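To keep things clear, I will list the structure first and then write my remarks on it.
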Amino acid sequence: MESVVQFTGPRQVEVAQHESAALPLGHLRVRTHYSGISAGTELTAYRGTNPYLTRTWDAEARLFRDGAAGMEYPVAGWGYSEVGEVTEVSPELAGQPGVPAKGDLVWGIWGHRSEGVVPVERMIGHTLPSGLEPLAGAFARVGAIAYNAVLSADIHVGEEVAVFGQGVIGLLTTRLAQLNGARVTAVDALDGRLETARAYGATRTLNARTDDVAERVREATDGAGADVAIEISGVYPALHEALRSVTVGGRVVASGFYQGDGIGLRLGDEFHHNRVQLVCSQIGGVPPQLSGRWTVERLQRTFLSLVAEGRVDVKSLVSHVVPVAEAAGAYALLDERPAEALQMVLSF
């Protein structure tokens, strides 16, 4: 039997039991150790705001179509930050170059389930780096999202960068931007996260509730504004403030997953008058100008290498490790009391 976390309706979570499937050709079976919860994308399905619940994504046309839902409840096995042990390898794959062997610790995406049956092509090169704690493997995807935003920002040494949102991905963005040579202003509405941001390399911090962020950024940059802002919270007013905070011709990287209509976003104001560049960063691909050299796979592997080398700390971001049987409480905490949690990890 395998345990699978599923949403049966808005803010309704259960752990279902399913019979284990036979292993198809070309697949590996992985016993999950840890699975990280996304406080952004996953909560859109948990809350019922995800666009796939009301529309269908036409992958060929690259458009959402009204009139039918692309997914419906129960939504089973969401999650994209897993790490576990290979327990079975399809016989014809044994010994092939790059294929993880039975007993190897691997990272990848197979959802919040006690075991994953994963195509081998998605697991090539996914053996956990030597010396890396298994829990760190659950950060490969979230780290890649932060890394992708920093690549999209095109940061140069000594530039001023404002990072809006200091949850897990925002904190990793702050650290990577600092490693890239930026002076980072970290922005969030929670003082506890701003304190963590200072430990992750932020030069200065601003509270979005009590500070006039754009004014303070300009004061700190001799009136110019930031060279770049990265908005990672997925909140429209934060995106608007990011647009207000950059210099003339500055760049704003929108890396959050925004829901519903853009209330609080006014594109006729600073965006228009300062000719701001607005760039989307989404983990389905890398910045087009880098696609000849970078891939999503490279993002993930390089991020884990940085963790293994001690250049990025992920362990301190784990606020809770929760048995999978208590998954409902984990989602409720992230939804209702976000100040009390950072990275929530399910253990199996």
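The values are calculated or read from the model by the stated rules, or taken from the named source; none is laboratory data. Computed from a predicted model, the values in this text were never measured in an experiment. Positions of Cβ are generated from backbone atoms using ideal geometry, with glycine treated the same way; all protein chains shown enter the neighbour counts. Side chains included, ligands, DNA and RNA excluded: accessible areas come from the protein's heavy atoms. Shrake-Rupley method; radii C 1.70, N 1.55, O 1.52, S 1.80 Å.
Here are some notes:
- Residue match in the range 280-292 (condition: touching a strand residue (DSSP E or B) at 6+ places or on another chain (Cβ under 7 Å), under 27 Å from residue 192 (Cα atoms) and open to solvent by less than 30 Å² (accessible area, probe 1.4 Å)): yes
- Condition check for residue 185 on (1) more than 18 Å from the chain's Cα centre (by Cα); (2) of a type outside the set (Lys, Arg); (3) over 27 Å from residue 274 (Cβ atoms): one failure, at (3).
So that you can scan it fast, the table gives a plain yes or no per residue for (1) within 20 Å of the chain's Cα centre (by Cα); (2) hydrophobic (A, V, I, L, M, F, W, C); (3) under 20 Å from residue 142 (Cα atoms):
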site	(1), (2), (3)
18	no, no, no
37	yes, yes, yes
49	yes, no, no
55	no, no, no
63	no, yes, no
66	no, no, no
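- Of the residues contained in the range 61-75, one or more are found to be in a strand (DSSP E or B), within 28 Å of residue 327 (Cα to Cα) and either touching a helix residue (DSSP H, G or I) at 6+ places or on another chain (Cβ under 8 Å) or open to solvent by 30 Å² or more (accessible area, probe 1.4 Å) (or both).
- Screening the range 209-238 for residues that are in contact (Cβ under 8 Å) with a residue 60 or more places away in the chain, under 24 Å from the mean Cα position of the chain (by Cα) and open to solvent by 10 Å² or more (accessible area, probe 1.4 Å) and picking the one that is nearest to residue 341 (Cα to Cα) gives 233.
- Within the range 255-289, being among the aromatic types (Phe, Trp, Tyr) and out of contact with any Gly (no Cβ under 7 Å at 6 or more places or on another chain) holds for one residue alone: 271.
- Test: residue in the range 119-141 that is charged (D, E, K, R), part of a strand (DSSP E or B) and loosely packed, with under 15 Cβ neighbours inside 10 Å: no
- The requirement of being over 22 Å from residue 39 (Cβ atoms), assigned to a helix (DSSP H, G or I), modelled with pLDDT of 95 or more and touching a Gly at 6+ places or on another chain (Cβ under 8 Å) is fulfilled somewhere in the range 216-228, by at least one residue.
- Residue satisfying all of: in the range 306-347; in contact with a strand residue (DSSP E or B) (Cβ under 9 Å, 6 or more places away or on another chain) and open to solvent by 70 Å² or more (accessible area, probe 1.4 Å); farthest from residue 8 (Cα to Cα) among these: 340
- The lone exception for residue 27 - which of (1) surrounded by 13 or more Cβ atoms within 10 Å (Cβ to Cβ); (2) over 25 Å from the mean Cα position of the chain (by Cα); (3) modelled with pLDDT under 95 it fails: (3)
- The range 312-340, subset more than 16 Å from the chain's Cα centre (by Cα) and among the acidic types (Asp, Glu), residue nearest to residue 178 (Cα to Cα): 340
- Residues that are assigned to a helix (DSSP H, G or I) and of a type in the set (Ser, Thr, Tyr) were ranked within the range 289-348; the one that is nearest to residue 170 (Cα to Cα) is 316.
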